Amino acid sequence: MKSGVTSVYFKKAVILVISMLLMSCATVNSSASNSNKAFQVTADQVWQTYLKANPLTASYFGDSDSAAKLPDLSPEGIKANQQLLIALLTELKTFERLALSEQNQINLQILTHRLQNDLDQIKFKSHYMPLTAEGGFHTSLAFLPANTKLSSTTDIDNYLQRLKAFKVYFEQNIYWMKEGIKIGYTQPQIVLNGYEQSIDGLIASDPSKSIFYQPFAKLDFLAESERQEYQQKAKSVIRQFVNPAYQAFRDFMINEYTPNAKRSIGINSIPNGIAYYQNRAKHYTTTELTVEQIHQLGLDEVARIRLEMAKVIEQVGFEGSFSEFLNFLRTDPQFYATSPKQLLMEASYIAKKMDAELPKLFQLLPRTPYGVAPVPEHIAPKYTTGRYVSAAKDIDAGYYWVNTYALDRRPLYELEALTLHEAVPGHHLQISLTRELENTPKYRSSYYLSAFGEGWGLYSEWLGLEVGFYQDPYSNFGRLTYEMWRALRLVVDTGMHIKGWSRQQAIDYMTQNSALSAHNIQTEVDRYISWPGQALSYKIGEITIKKQRQKAEQALGAKFDVRAFHYHVLKNGSVTLSQLERQVQDYINTVNKN
């Protein structure tokens with residue numbers, strides 16, 4: 001009898017406990033649901049508010065209200081933007097990351113990273129120095145025509161108003177550059193030699209030949225008379241506002257900025273420069289690595305890659321020193337294209353060859369196609385060897401740019417690695433998959449985290465080994481040269497900006513340890529000088545991805561599937577390296593449960 005009563009009471013107690021647990025779970029779920037809903041509402045409001053203060057970004061996403069404007073860089077405008085960013089970040093900080101869903105955790109992290117960078121740039125006065133050795137605000141505007149679609153008279157009027165705004169926008173940038181001269185916050189004089197070349201190509205004596213006139217070339221939706229009227233207006237605006245803005249900037253660079261630019265090359269020589277560099281290192285790597293740790297990592301990688309290079313030299317039977325082998329690669333005509341067309345055709349062939357191998361490596365491929373094109377002439381002389389330019393709209397393709405300027409400095413043995421990095425399976429594949437993410441806010445699908453994106457690009461070079469690339473030992477040496485190039489960046493970037501290295505010391509170190517041409521090395525060193533910290537992202541990102549792959553292979557053994565691994569690396573788009581590590585661990589846990 002007692003046992004029966006006990007059994008009844010036990011059952012009732014179990015039912016009560018289960019009910020309480022269910023109620024608790026329901027409360028937790030309800031709370032989590034409310035947190036996610038609240039975050040999504042706030043994040044959307046934050047993003048829309050941010051766009052209103054950033055007309056170039058807003059119009060890129062189709063906001064017609066912003067299509068006639070350029071950013072307000074007046075002192076009042078920058079102060080207002082700073083206060084706005086502080087307020088928006090304060091809003092985002094009210095959310096506890098772990099209380100959100102995985103997707104909203106990533107959304108919070110990306111949106112915060114984006115806004116914090118803008119705030120940091122104001123804090124460290126980057127608007128005093130709105131240019132790098134490769135280009136600046138003036139070359140960024142050259143992308144406007146490609147991103148502008150004129151399909152109504154309102155579109156035309158907005159674009160004309162934006163072109164008219166060039167005058168004030170250039171004056172505002174020049175104002176801050178003059179302020180930079182006063183306090184020694186300028187680009188180093190040494191990286192500005194020939195800088196006017198990046199301006200000259202954007203000044204057209206015939207307005208109809210101007211890059212900014214391109215959107216007016218057709219206007220097929222208008223009657224002939226109206227079309228000609230708008231085309232004449234466009235030529236007049238270019239003649240009165242665009243060309244004079246560029247000419248004034250050119251004169252300022254030659255007559256005032258370059259002669260008064262600082263002689264030292266390190267960012268540590270500007271006010272608050274050391275703190276700025278540490279901030280840039282954290283931003284670009286998404287890690288807490290110190291400058292000393294990054295420098296040492298670079299030294300270690302350089303030593304490791306040199307041993308691999310030595311094996312290739314032995315393989316080809318070259319009799320001579322390492323430096324003599326590098327000189328052979330830099331000077332022998334067999335390694336160089338004789339025409340821009342040949343270089344472009346070779347790059348296109350490599351890209352198409354890799355296209356056929358992608359299904360072996362990936363479960364999901366992007367819908368967006370890509371083309372191969374030369375780097376535009378107006379920026380080619382001081383531009384890097386190649387770059388990927390993502391599609392501006394859904395109806396556009398991405399482009400793998402190949403620099404055809406100075407062919408004797410563009411060795412063919414590097415072309416496989418360059419193509420795999422910039423096109424597929426590198427930037428085109430990764431960026432396009434990110435852009436094509438479904439149910440993902442624009443502030444995330446449009447954002448590029450350098451550590452992830454450039455780490456993936458460098459990992460993609462190495463990935464070519466798995467599908468039969470680099471059969472030619474010289475091409476494999478080219479791959480190692482590209483990997484060495486990214487390792488050298490860790491050493492020379494930290495060396496020049498923090499450890500007192502000279503420009504020539506950096507050039508010599510890169511010359512002694514890679515087969516990069518002398519022109520490329522000089523261009524790259526000037527890039528690192530003028531763009532502190534960005535070059536740190538490549539190798540650190542690649543090392544992290546490789547470590548995560550090794551971790552997955554060891555944990556899963558025969559269950560490891562490279563296609564599944566790549567899916568989980570890329571499934572959330574461009575993410576911080578800590579988030580990438582979580583994604584790979586989740587992949588491992590899921591596979592081991594099954």
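The values are calculated or read from the model by the stated rules, or taken from the named source; none is laboratory data. What you see is a predicted model; the values in this text were computed from it and never measured. A quick note on method: Cβ atoms are made from the backbone with ideal geometry, for glycine too, and the neighbour counts reach across all protein chains shown. The accessibility values were calculated without ligands, DNA or RNA, using every heavy atom of the protein model including side chains. Shrake-Rupley method; radii C 1.70, N 1.55, O 1.52, S 1.80 Å.
Not counting ligands, DNA or RNA, and with a 1.4 Å probe, what is His519's accessible surface area in Å² rounded to the nearest 10? About 40 Å², rounded to the nearest 10.
Annotation: the antiparallel percentage among DSSP beta bridges lying fully within the chain is about 55.
Projected label points at Ser502 and Gln471, each 7 Å from Cα along the beta carbon direction, are separated by 4.7 nanometres.
Between Ser101 and Thr154, residue separation times 0.36 nm minus the direct Cα-Cα distance comes to 14.9 nm. Each Lys and Arg Cβ is given +1 and each Asp and Glu Cβ -1; about its Cα centre, the stretch 117-163 then shows a dipole of about 80 debye.
This model, with +1 at the C-beta of Lys and Arg and -1 at the C-beta of Asp and Glu, gives the stretch 406-478 a dipole about its Cα centre of some 340 debye.
Annotation: aspartates and glutamates with alpha-carbon distance below 13 angstrom to Lys499 (same-chain offsets under eight excluded): Glu292. Inter-part distance, the stretch 122-181 to the stretch 307-368, computed on C-alpha centroids, equals 37 Å. The alpha carbon radius of gyration of the stretch 337-486, expressed as a multiple of 2.2 N^0.38 Å, is 1.02. Full extension of the chain between Ser269 and Ser236 gives 7.5 nm of extra length, using 0.36 nm per residue less the Cα-Cα distance.
Calculated [222 nm] ellipticity per residue, helices only, for the chain: -19500 deg cm²/dmol; basis is -39500 (n - 2.57) per DSSP H run with n ≥ 4, divided by all residues, nearest 500. The slack in the chain from Ala146 to Glu288, taken as 0.36 nm per residue of separation less the alpha-carbon distance, amounts to 47.3 nm. Contact order for the stretch 378-433, expressed relative to its length and based on alpha carbon pairs under 8 Å spaced 6+ residues apart, stands at 34 percent. Between the stretch 58-79 and the stretch 517-594, the C-alpha centres lie 35 angstrom from each other.
Contact order for the chain, expressed relative to its length and based on alpha carbon pairs under 8 Å spaced 6+ residues apart, stands at 15 percent.
Apolar share of the accessible surface for the stretch 102-180: 50 percent from carbon plus sulfur atoms, 1.4 Å probe. Taken about its Cα centre, the chain carries a charge dipole of about 1560 debye when Lys and Arg each add +1 at the Cβ and Asp and Glu each add -1 at the Cβ.
Residues Tyr448, Tyr370, Tyr195, sorted by accessible area with the largest first, give Tyr448, Tyr370, Tyr195 [1.4 Å probe; ligands and nucleic acids excluded].
Spin-label model, Asn34 to Asp355: label points 7 Å out along the Cα-to-beta-carbon direction sit 5.4 nm apart. Within straight-line reach of Lys218, meaning a Cα separation under 16 Å, sit the following aspartates and glutamates at least 8 residues removed in sequence or on another chain: Asp155, Asp157, Glu226, Glu229. Extending 7 Å from the Cα toward the beta-carbon at both Thr94 and His519 defines two label points whose distance is 5.7 nm.
On a per residue basis, the chain carries 45 Å² of accessible surface, using protein heavy atoms and a 1.4 Å probe.
Among the listed values [x] 28.4, 100; [y] 26.8, 107; [z] 30.1, 101, the one matching Rg and Dmax of the Cα atoms in Å as calculated from this structure is [y].
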